[in-house]
1. For every helix of n ≥ 4 consecutive DSSP H residues, a contribution of -39,500 (n - 2.57) applies; sum these over chain B, divide by its total residues, and give [θ] at 222 nm rounded to the nearest 500 deg cm²/dmol.
2. Within the stretch B:2-33, name every residue whose backbone N is under 18 Å away from a label modeled 7 Å from Cα of A:E100 along the Cβ vector.
3. Compute the normalised compactness of the protein assembly as shown: alpha-carbon radius of gyration over 2.2 N^0.38 Å, N being the residue count.
4. Between B:F80 and residues 5 or more places away or on another chain, which pairs have amide H atoms under 5 Å apart, with H built 1.01 Å from N, and which residues are they?
5. Can you list the residues, at least 5 places off or on another chain, whose amide H is less than 5 Å from the amide H of A:F2, using H built in the peptide plane?
6. Residue by residue through the stretch A:35-48, which ³J(HN,Hα) values in whole Hz follow from phi under the Karplus form 6.51 cos²θ - 1.76 cosθ + 1.60 (θ = phi - 60°), with glycine and proline marked x?
7. Near B:K29, which lysines are there with a Cα under 17 Å away, not counting those fewer than 8 places off in the same chain?
8. Can you list residues whose amide H is under 5 Å from B:I32's amide H, if they're 5+ apart or on another chain and H is modeled 1.01 Å from N?
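Values quoted throughout were computed directly from the atomic coordinates according to the rules given, and no laboratory measurement underlies them. Everything quoted here is computed from the prediction, not taken from an experiment. Don't worry about glycine lacking a Cβ; one is built from the backbone with ideal geometry, like all the others, and counts go over all protein chains shown.
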Amino acid sequence: MFLRHEGFRRLCSARDALKDYYDPPSIAELAREVGISPYHFIRQFEAVFGITPHQYRIRVRLDRARTLLATGYSVTRVCMEVGFTSLGSFSALFSRRGGEPPSNYRRRVLRLPPDRRDLHLTPGCLSLLGHLPAATRHEVGRNFEEAGDRPRV
Amino acid sequence: MRIKLTSLIVDDQDRALRFYTEVLGFRKKHDIPVGEFRWITVTSPEGRDDLELVLEPNANPAGKAFQEAMFSQGIPLAAFEVADIAREYARLDAAGVAFTRKPTPTGPVVLAVMADTCGNLIQLYQPTE
């Protein structure tokens, strides 16, 4: 699939518009903005961003929810902040995507010592390398020690 | 001092691993859980086994802002050399990969730009000299 500059730029604008928690545009509106049918809009969006516009919207809201929960906001407040109107729907979706209810996530993250919290929530570039489980360090370290300058082919 | 690791931030590590192995054809080298995330690296079957590309989680807001801005401006964050760019373009296009630039002669290379479905534009290039 080849996207011309203008079409690509409009897809990026549509992606940005999907971050509006409170008044997100519909797929039909976004497709109109991009100048293609809803079917082609969804297809192109998925080819570029890897997920459908609907999935993208959910991901943005849940990412924001995780950030807010980790700062100590209550589950109810987070639910409202990221644009959900039903606490039940929010909790169910959060659990399905994240593997645990938002209340559990909040409790677990807030219990972490501050120096571990950053690693869990916002790992810096390549910082995970310094926190590999002990049992795997030999495997990764060996690659550094033994690889030398041997070309593989 | 040697260059052994380089990294790309990706907005979904599962999808990134699938794209870089199943679509591009790289090999998984490491996939190790670390807290909420994973230490994932891939290597090229056409290159050195010890030169690894890290698929890094894009959880840091600063990283997200950087990645989205570069993407919106059409700027690739990595470049991979290929032996036959016309063949790679045809293969990846058939696999549904979105390109923002078709193979185009530019100075000493022919280059193309594609989306990796994980928030990055990637440049493919074939040296011509």
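1. Numbers: 3 runs with 28 residues, N = 129.
So the calculated ellipticity at 222 nm is -6000 deg cm²/dmol.
2. Backbone N within reach: B:33.
3. On the way: Rg = 20.3 Å, N = 282, 2.2 N^0.38 = 18.8 Å.
Dividing the Cα Rg of the protein assembly as shown by 2.2 N^0.38 Å gives 1.08.
4. B:Q123, B:L124, B:Y125
5. Amide H neighbours of A:F2, under 5 Å, 5+ apart: B:F99.
6. So the J values, rounded to whole Hz, are x, 9, 6, x, 4, 5, 4, 5, 5, 5, 4, 5, 5, 8.
7. Once the sequence-local lysines are set aside, what remains near B:K29 is B:K4.
8. B:W39, B:I40
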